[in-house]
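Coordinate-derived values only; no laboratory data. No experiment lies behind these values; they were computed from the predicted model shown. Cβ coordinates were reconstructed from backbone atoms using ideal geometry, including for glycine residues, and neighbour counts include every protein chain displayed.
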Amino acid sequence: MSALSRVRSLRGLAAVAAALAAFAGAAHGAGPADAKPEMSPDAKPAKHSDDAFGPDPSYENRPYSVDDQLKIYGGKFQVQNPRPMLEIGRPIYQGGPLQPSGTGLGRKNPTDMAFSIYGDWRTAFARNSDGARAFNVLATRLNLDMDWKLTGTERVHAFFRPLDHKGDFTRCQSRSAGGKRCALNVDVKADALFFEGDLGAVLSGWTDRYQSFDLPFAVGKMPLLFQNGVWLEDAISGFAFTLPGKHSKSLDISNMDVTFFAALDNVNTPGIVDGAGNATASNRVLGVTAFIEANQGYWEVGMARVEPKGANLGQAYNNFAAAFTRRYGGWLSNSIRVIHNAGQDPAAGHRRTANGTLLLIENSLVTRQPLTLVPYLNLFYGNDRPQSVARAADAGGILKNTGINFETDGLTGFPRLNDTANNTYGGALGVEYLFDLSRQLVVEVATARPHGDINNRAITGAQTALGIRYQHALDRAWILRTDLIVAARANLKDIGGIRFEIRRKF
């Protein structure tokens, strides 16, 4: 090689080295000291201190321990849940590998077809005294959910209770005075059947263009539960849609969901009755409700109009609800809830059945074991005849969640205190302990006391009860539950009951 060729080769190597150095410097942020990094116009550099950074810890002298790693997360571990009775297609909550998704509803709304059947089977034996009689009852109830998943947001869902009909359960019952009756009550009619999805996802699939909005919706006979079931707990035949994830800086709202709902039938309410005074389901409803995170807590507000489908008789009424929930001082969780009915103007010979106001104050203490030890005090005051928007036939009364002494078990007709809140006041004082989250013990004292017009209430004297509940998860699928209630009722015979229930989840 000539001297000139060697010089050219050296120059070429120098040029390559310079280029590599420039590339490496750019990759590591090298450059002039006053050069500013490239970033979005809306972004600004954050101040920091070099003292906040240090070398990674060294574990050379500490061998890896699985037990020590689990302790970091409170000893948590994967819980093996019971599998559905039937699973076809992609299973629920299972690991991969997963099969490729389909494109039948569009590339941007991939299909992951799956069908599953799941639910539980409850069987209970009870010895009940409802004041008029004492009886033994063995009853069973089967809850079946059938779910056909189409995509990540669209599905068809059905719910069946094949062993009971209109709250009349398959059972054997005997009275103290003698006599026994067994009845098999079969019902193949769906208690719920609806389609739900997200309009934004559906349009993304149809148009092959991502949409800038989410609009979840449901149509059919669908269960709705608002304000913990106090304001509405029923499966209505209609539709609903939600405007999710809204916020307002000026109103200090960090998150807000607004749901609109309407039904043309299957709206159960004791606020509208037939000629015999029985509650009806042949009603319509139109309403809106909102969940608002603001004021260091959250608000729940709603309004609805309920109307009978047949002869009006002036029984249509408006229902308003508002609630605020917040934790105070790190020791008290509090909810204040108001439900108000107005606008009912019954025809001559009929009285108002949905008018008045209910005030609910729910309190629980935050103890040193906030997840397992929960003392609570819930208070209520009902004026005239307040009603929920809609309540399923076996959902209990408007005071269902006030305490276990106001709950029915939805199976054996277990006795309870008056749960209507019609011209009554009272509350429930109790404590719940969850042990290691596999068992539950609740001990509660509750009372309901009358006031105001005797014609607008269901009780004539004070009622006081002691209730005890114990539940034990025997394994991942079987649950044992026992309940006890003894109650004294002024001007009425006392009531009491004890029950044992076994539940199989699948």
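Under the rule of at least 5 residues apart or a separate chain, name every residue whose amide H is placed under 5 Å from the amide H of GLY131.
The list, which skips near neighbours in sequence, is GLY496.
I want to check the label-to-label distance for ILE72 and ARG305. Put each point 7 Å from Cα in the C-beta direction and report it in nm to one decimal.
Roughly 5.9 nm, to one decimal.
Exactly which chymotrypsin sites (Phe, Trp or Tyr not before Pro) in segment 207-270 are in a DSSP loop and have at most 16 other Cβ atoms within 10 Å?
Qualifying residues, ordered by number: TYR210, PHE213.
Using the 2.2 N^0.38 Å rule of thumb for compact globular proteins, work out how segment 68-136 stacks up: its C-alpha Rg over that value, please.
So the Cα radius of gyration is 2.05 times the expected 2.2 N^0.38 Å.
May I ask for the Kirkwood hydrodynamic radius of segment 224-402, worked out over all distinct Cα pairs and given in angstroms to one decimal?
Evaluated on segment 224-402, it is 17.4 Å.
Taking the Cβ of each residue in PHE500, PHE169, PHE291 as the centre, tally the other Cβ atoms inside 10 Å and list the residues starting with the fewest.
PHE500, PHE291, PHE169
Once every Cα of the chain carries one equal point scatterer and solvent is ignored, give the base-10 log of I(q)/I(0) from the Debye formula at q = 0.07, 0.12 Å⁻¹, two decimals.
Relative scattering, expressed as log10 I(q)/I(0), comes to -0.54, -1.37.
With the Cα gyration tensor of segment 409-506 in hand, convert its eigenvalues to equivalent ellipsoid semi-axes via √(5λ) and list them largest first in whole Å.
Semi-axes from the Cα gyration tensor: 31, 14, 11 Å.
If the cut-off is a Cα-Cα distance under 28 Å, which lysines reach LYS309, setting aside same-chain residues fewer than 8 apart in sequence?
LYS166, LYS189, LYS221, LYS400
If one computes the Cα centroid of segment 470-506 and of segment 88-124, what distance in Å separates the two points?
Answer, in whole Å: 35.
At 222 nm, what helix-only mean residue ellipticity would the chain give, in deg cm²/dmol to the nearest 500, using -39500 (n - 2.57) for each DSSP H run of four or more?
Value at 222 nm, helices only, nearest 500: -2500 deg cm²/dmol.
So what's the convex hull volume per residue for the Cα atoms of segment 339-461, in Å³?
About 127 Å³ per residue, rounded to a whole number.
Using alpha carbons only, how many degrees (0 to 90, rounded to 10) separate the axis of helix 3-27 from the longest principal axis of the chain?
20
With 10 angstrom as the radius, rank GLU432, GLU60 by how many other C-beta atoms surround their C-beta, starting from the fewest.
In order of increasing Cβ crowding within 10 Å: GLU60, GLU432.
Quick check: Cα centre of segment 277-313 to Cα centre of segment 366-412, how many Å?
Using only Cα atoms, the two centres lie 19 Å from each other.
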